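The values are calculated or read from the model by the stated rules, or taken from the named source; none is laboratory data. Not measured: the values here are computed from a predicted model. Note: ideal-geometry Cβ built from the backbone for every residue, glycine included; neighbour counts use all protein chains shown. The protein model used for the area step is the full one, side chains on, heavy atoms only, and it has no ligands, DNA or RNA in it. Shrake-Rupley method; radii C 1.70, N 1.55, O 1.52, S 1.80 Å.
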Amino acid sequence: MSTIRRKFGEDYQVVNTNRSMTFAAPVKKKRQRFVEKNGRCNVQHGNLGGETSRYISDLFTTLVDLKWRWNLLIFILTYTVAWLVMASMWWVIAYIRGDLSHGGHKSTYTPCVANVYNFPSAFLFFIETEATIGYGHRYITEKCPEGIILFLFQSLLGSIVDAFLIGCMFIKMSQPKKRAETLMFSQDAVISQRDGKLCLMFRVGNLRNSHMVSAQIRCKLIKSRQTPEGEFLPLDQCELDVGFGTGADQLFLVSPLTICHEINTKSPFFDLSQRSLMNEQFEIVVILEGIVETTGMTCQARTSYTEDEVLWGHRFLPVMSLEEGFFRVDYSQFHNTFEVNTPPYSVKEQEEKSSLTSPNTLPVAPAPSSPPLGNAGRSGGRRDRLLSADYADHAEDQPSRLPSKLQRMSSTKEEHLWRGLRSVPSLPGGKASSTGDLPLSIQRLRSSSIPAVRQGQPEEQVQLLSLDGEAEDGEPEKHRLPAAAVGAVATPAAAPVHFPSAGGRPEDNLPAKLRRMNADR
């Protein structure tokens with residue numbers, strides 16, 4: 001342990017490699033697994049009825065799938081029966097031709113097969129012919145055409161039997177199932193945080209120096225569920241993303257790797273917490289596929305993790321260490337884990353909690369930059385003012401979204417604004433008009449408040465006041481007017497707008513551009 005601390009730092013001080021003492025999962029009643037830890041699928045097919053004939057139609061695959069004991073039995077019985085049948089056929093030919101009655105086969109007599117007197121001699125002749133031994137004592141003569149035909153049939157039948165049985169045995173011996181025995185999976189899966197995200201992780205390793213070419217890993221979640229329509233789906237299969245979109249599922253399996261499944265909104269474990277894990281029933285099936293480098297055959301290794309084999313708040317102990325000139329893998333620590341601080345809440349609960357604690361911030365309008373010179377500056381300022389007014393109207397439509405403190409501040413600001421507007425004497429019978437989206441009030445100023453341009457003529461000047469909410473202390477500010485109206489309103493040297501003392505409406509004496517804008521509003 002001191003060596004591990006020196007190599008990996010003090011973060012791995014508290015490590016207990018005895019899994020049975022500290023990190024053992026809670027003891028539960030053992031339930032039926034869909035896939036065993038060694039990868040064997042715990043499924044049996046029954047009540048096939050007339051479908052069993054399909055196994056006979058694919059006889060070669062059926063023989064390969066049989067266990068070794070049955071393969072050896074079929075191998076021995078096939079050769080034994082074939083030898084006995086062919087030996088019997090040679091004996092029958094000798095019996096029909098009368099070769100058995102001539103015990104010693106006189107020199108003047110020509111038999112079908114020389115030196116075949118009984119069944120044992122016929123059997124030995126068949127073995128010598130089939131195995132191409134050819135001792136030279138027993139042989140076929142030219143006086144036996146039926147023997148020649150049987151010899152051709154024997155050669156063809158022997159080649160077919162040899163190819164079938166020897167090929168079956170070779171395929172069975174070269175199957176990469178035993179290669180999967182050297183591919184390791186961790187005994188438990190863990191759930192902890194990685195890069196700030198809650199992840200389900202397990203570990204895989206390769207014990208051989210020969211690599212797995214194009215190794216790829218997949219995960220399936222086996223869990224029964226019921227659809228909203230009421231249909232019950234036993235052992236429903238759901239895909240677990242282990243990096244399919246990023247290419248993380250393609251493994252370079254030279255050293256042990258930790259496979260990670262990120263728990264997010266698309267994960268079936270989105271609402272899984274430490275407490276709900278104790279009451280869940282599911283099984284995670286892991287499938288590792290690759291091509292064996294030495295044989296070029298595809299190999300598949302499988303394992304599974306049930307809910308009691310998933311440890312919440314644990315992390316795998318590192319097994320890699322740097323030696324002089326190479327990296328060393330310590331497989332004695334392959335299955336060991338250590339406990340880390342992990343929130344016991346599900347990802348769904350964490351997102352809901354974060355959404356409740358974080359305040360809803362309003363979008364802030366960008367700060368106006370220094371206005372450009374000329375007419376562009378006037379048009380840009382007017383555009384900014386219109387956008388800010390649109391946003392103010394939109395914000396007033398949704399007051400309920402503001403926090404209580406902001407609502408009080410907004411109401412206080414509105415009270416100050418209306419007080420300032422009430423303090424200004426309104427125009428008798430006047431109407432509100434607007435330029436663009438900003439409301440304007442037309443007020444009548446008597447000649448006593450503004451010096452008259454012409455003596456002896458009581459004049460009244462129209463002053464356009466902005467009711468913008470940004471005005472402070474109830475003081476309205478002048479709105480930017482178009483160039484045609486600026487000379488009539490804001491410029492002192494320009495002639496003011498005159499109203500008749502009796503009769504008529506004030507709006508009739510406005511400039512033509514302002515009247516068009518008021519009519520549009």
Ratio to report: Rg/Rh of the stretch 118-197, with Cα atoms as the point set and Rh obtained by the Kirkwood method; give two decimals.
-> 1.54
Tell me, what HN-Hα J-couplings in whole Hz come from the Karplus equation 6.51 cos²θ - 1.76 cosθ + 1.60 at θ = phi - 60° for each residue of the stretch 211-217, using x for Gly and Pro?
-> 8, 9, 7, 6, 5, 9, 10
Between the alpha carbon centres of the stretch 283-342 and the stretch 170-224 the gap in Å comes to 7 Å
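Using 0.36 nm per residue, how much length does the chain from PHE60 to LYS353 gain when fully extended, once their Cα-Cα distance is taken away? Don't skip to the answer; put the middle values down first.
Values: separation 293, 0.36 × 293 = 105.48 nm, distance 6.08 nm.
99.4 nm is the gain from fully extending PHE60 to LYS353.
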Ignoring ligands and nucleic acids, what accessible area does TYR109 show with a 1.4 Å probe (Å², nearest 10)?
-> 60 Å²
Tell me the label-point distance for the pair MET278, THR52, using the 7 Å Cα-to-Cβ offset, in nm and rounded to one decimal.
-> 5.0 nm
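Strictly greater than 20 Å: what percent of every Cα pair in the stretch 259-335 meets that? Spell out each step's value before the answer.
Numbers: 1672 of 2926 pairs.
Roughly 57 percent, rounded to a whole number.
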Projected onto the charge dipole of the stretch 100-250 (unit charges on the beta-carbon of Lys, Arg, Asp and Glu, signs +1, +1, -1, -1), the Cα from ALA189, PRO111, ALA131 with the largest positive-side position is that of ALA189
What is the spin-label model distance, in nm, from ILE291 to GLU128 if the labels are put 7 Å beyond Cα along the C-beta direction?
-> 5.1 nm
Given just the C-alpha atoms of the stretch 29-76, how large is their convex hull per residue in cubic angstrom?
-> 125 Å³
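With a ≥ b ≥ c taken as the square roots of the eigenvalues of the C-alpha gyration tensor of the stretch 41-147, please select rounded if a/c is under 1.5 and otherwise prolate if a/b is larger than b/c or oblate if it is not?
On the way: a/c = 4.18, a/b = 3.10, b/c = 1.35.
Prolate.
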With x for Gly and Pro, the residue-by-residue ³J(HN,Hα) of the stretch 68-83, computed from phi through the Karplus equation 6.51 cos²θ - 1.76 cosθ + 1.60 at θ = phi - 60° and given in whole Hz, is 4, 4, 6, 5, 5, 5, 5, 4, 5, 5, 5, 5, 5, 5, 5, 5
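Please arrange GLU351, GLU309 by accessible surface area, largest first, computed with a 1.4 Å probe and ligands excluded. Walk me through the numbers on the way to the answer.
Working: GLU351 90, GLU309 30 Å².
My answer, sorted largest first, is GLU351, GLU309.
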Accessible-area ranking of ARG97, ARG33, largest first, probe 1.4 Å = ARG97, ARG33
For the stretch 210-359, what is the accessible area per residue in Å² when the probe is 1.4 Å?
-> 57 Å²
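Using only the heavy atoms of the protein chains and a 1.4 Å probe, how would TRP90, TRP83 rank by accessible area, largest first? Don't skip to the answer; put the middle values down first.
Working: TRP90 5, TRP83 90 Å².
Result of the area sort, largest leading: TRP83, TRP90.
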